[in-house]
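The values are calculated or read from the model by the stated rules, or taken from the named source; none is laboratory data. Worth saying up front: this structure is predicted, and the values here are computed from it rather than measured. Reconstructed Cβ throughout: ideal geometry from the backbone, glycine too, with neighbour counts over all protein chains shown. Surface areas here come from the heavy atoms of the whole protein model, side chains and all, with no ligands, DNA or RNA. Shrake-Rupley method; radii C 1.70, N 1.55, O 1.52, S 1.80 Å.
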Amino acid sequence: MNKIQTPNFIIVGTMKSGTSSLADLLSSNNNIYIPEKELHFFDNFGGYKKRWNYGLDWYSKQFLNAEENQIIGEKTPTYSYLKDVPDRILKTLPDIKLIWIFRNPVYRTYSNYWHAVINGTENKSFTYAINNEEQRMKKNVWFGYKKRSNYAEQVENYLKYFNLNKMHFITLEDLKENPEKILRSTCTFLDVNFDKNMLSRNKISNKSYLPKSKILRYYLRKLFGPNSIIVKIDKKINITKTPYPKMSSNELDFLNKYFQKSNLKLQKLTGLDLSHWNN
């Protein structure tokens, strides 16, 4: 019978803030094992809804490749956003350590919107999406682009279940600016030795390819489903290598003002210096 293996830490979020890059950097440490894919065990996201019902045995099998001398982690950025997740995590893994990585909420919100466009779940303009978010979320919680960038609210939800000393907070901007400092502090939090291999890995950016027609992608997904052959073909041929267009000054000003209070609250909760977000 296989030994039940569970993680020592989880990168809980936040989406489009560098969770994949952070996991990649940490897993380049010979003392750390992180599965490459998001596990979505504790949430009820999309096609992953059944995973919680598979039980701890299924979850444990995701870590079978870990070596005995390694600590184990996983990363699933939807964990930070969905309210029921911290309760499930606590009941299953009461001694778990939690890592958060935040990104300037203005740019995370914008990136989240374009992520939805690329996946074919969004066909409205960015301005329309952020101005009508509350109403749209009544039908689909994943339209909460701004809400997912309200980090203070998410941390406060976790503080109902976990002590602050069980959480480690970093920002994507700090990771880019001073990777050694941030990775060393993260290793200290995880009680694992720092590995210089982590500095040789340079993966703190993800390339995204925009569709030539977001309307076509949206309706193909709606008509045929996300896993259909037609949608998969569309993702191969309906693409450009064009970067995101820049936000308009009105959108930028609106979001900077919108997140000011949340940023201040997050700064107080975490002790992070977030003054550069307000520039």
Open item on the list: At 1.4 Å probe size, put LEU25, LEU159 in order of accessible surface, largest to smallest.
Closed with: LEU159, LEU25
Task: Separation in nanometres of the label points that stand 7 Å from Cα toward Cβ, at LYS91 and SER208 - done: 3.4
Task: Vicinal HN-Hα couplings computed from phi for region 93-101 (Karplus, 6.51 cos²θ - 1.76 cosθ + 1.60; Hz; Gly/Pro x) - done: 10, x, 9, 5, 9, 10, 10, 10, 10
Open item on the list: Heavy atoms only, 1.4 Å probe, whole protein assembly: order THR127, THR240 by accessible area, highest first.
Closed with: THR127, THR240
Task: DSSP-loop trypsin sites (Lys or Arg not before Pro) across region 1-71, with at most 15 other Cβ within 10 angstrom - done: LYS3, LYS37, LYS49, LYS50
TODO: Would you work out if region 1-110 is rounded, prolate or oblate? Take a ≥ b ≥ c from the square roots of the eigenvalues of the alpha-carbon gyration tensor; rounded if a/c is under 1.5, else prolate when a/b is larger than b/c, oblate otherwise.
DONE: oblate
Open item on the list: Shape verdict for region 117-207, please, from the Cα gyration tensor: rounded (a/c under 1.5), prolate (a/b greater than b/c) or oblate.
Closed with: oblate
- [ ] Taking each pair of different alpha-carbon atoms in the chain once, compute 1/r for the pair, average those values, and report the inverse of that mean as the Kirkwood hydrodynamic radius in Å to one decimal.
- [x] 20.0
- [ ] Give the calculated FRET efficiency between ASN53 and HIS115 to the nearest 0.05, with a Förster radius of 25 Å applied to their Cβ-Cβ distance.
- [x] 0.35
Open item on the list: Taking the full set of protein chains and a 1.4 angstrom probe, give the accessible area of ILE215 in square angstrom, rounded to the nearest 10.
Closed with: 80
Open item on the list: Test of the criteria: in region 95-202, which trypsin sites (Lys or Arg not before Pro) are in a DSSP loop and have at most 11 other Cβ atoms within 10 angstrom of their Cβ?
Closed with: LYS138, LYS139, LYS160, LYS196
Open item on the list: Which of SER21, SER213, SER200 ends up with the largest GNM mean-square fluctuation for the chain, with Cα atoms connected below 10 Å?
Closed with: SER200
Open item on the list: To test your reading of the geometry: what angle, between 0 and 90 degrees and rounded to tens, separates the Cα axis of helix 249-258 from the longest principal axis of the chain?
Closed with: 40
Task: Lysine pairs in region 111-175 with Cα atoms under 29 Å, if 8 or more residues apart or on separate chains - done: 13
- [ ] Compare the peptides 71-79, 86-94 by average per-residue count of other Cβ atoms within 10 angstrom and give them in order, highest first.
- [x] 71-79, 86-94
Task: Helix-only mean residue ellipticity at 222 nm for the chain, each DSSP H run of n ≥ 4 adding -39500 (n - 2.57), per residue, nearest 500 - done: -12000 deg cm²/dmol
- [ ] For region 70-87, take each phi angle, set θ = phi - 60°, evaluate the Karplus expression 6.51 cos²θ - 1.76 cosθ + 1.60, and give the result in whole Hz per residue in order, putting x for glycine and proline.
- [x] 9, 7, 10, x, 8, 9, 8, x, 6, 4, 6, 8, 8, 5, 7, 5, x, 5
Open item on the list: Quick one: 3J(HN,Hα) in Hz for region 161-175, Karplus 6.51/-1.76/1.60 with θ = phi - 60°, rounded, Gly and Pro as x.
Closed with: 10, 10, 6, 4, 6, 8, 10, 10, 10, 9, 10, 4, 4, 5, 5
TODO: Just subtract the alpha-carbon distance of ASP253 and ASN178 from 0.36 nm times their residue separation and send over the number in nm, one decimal.
DONE: 24.2 nm
- [ ] Please give, to one decimal in nm, the separation of the simple spin-label points placed at THR188 and ASN30, each 7 Å out from Cα toward the Cβ.
- [x] 2.4
Task: Within the chain, percent of DSSP bridges classed antiparallel, to nearest 5 - done: 0
TODO: Report the extension gain between THR127 and ILE4 in nm, rounded to one decimal, defined as 0.36 nm multiplied by the number of residues separating them, less their alpha carbon distance.
DONE: 39.5 nm
- [ ] Pairs of Cα atoms under 8 Å, at least six residues apart: use those to get the relative contact order of the chain, whole percent.
- [x] 23
Open item on the list: At 1.4 Å probe size, what's the solvent-accessible area of SER185? Round to the nearest 10 Å².
Closed with: 50
- [ ] At 0.36 nm per residue, minus the direct Cα-Cα distance, what do LYS241 and TYR219 gain on full extension? Give it in nm, one decimal, please.
- [x] 5.8 nm
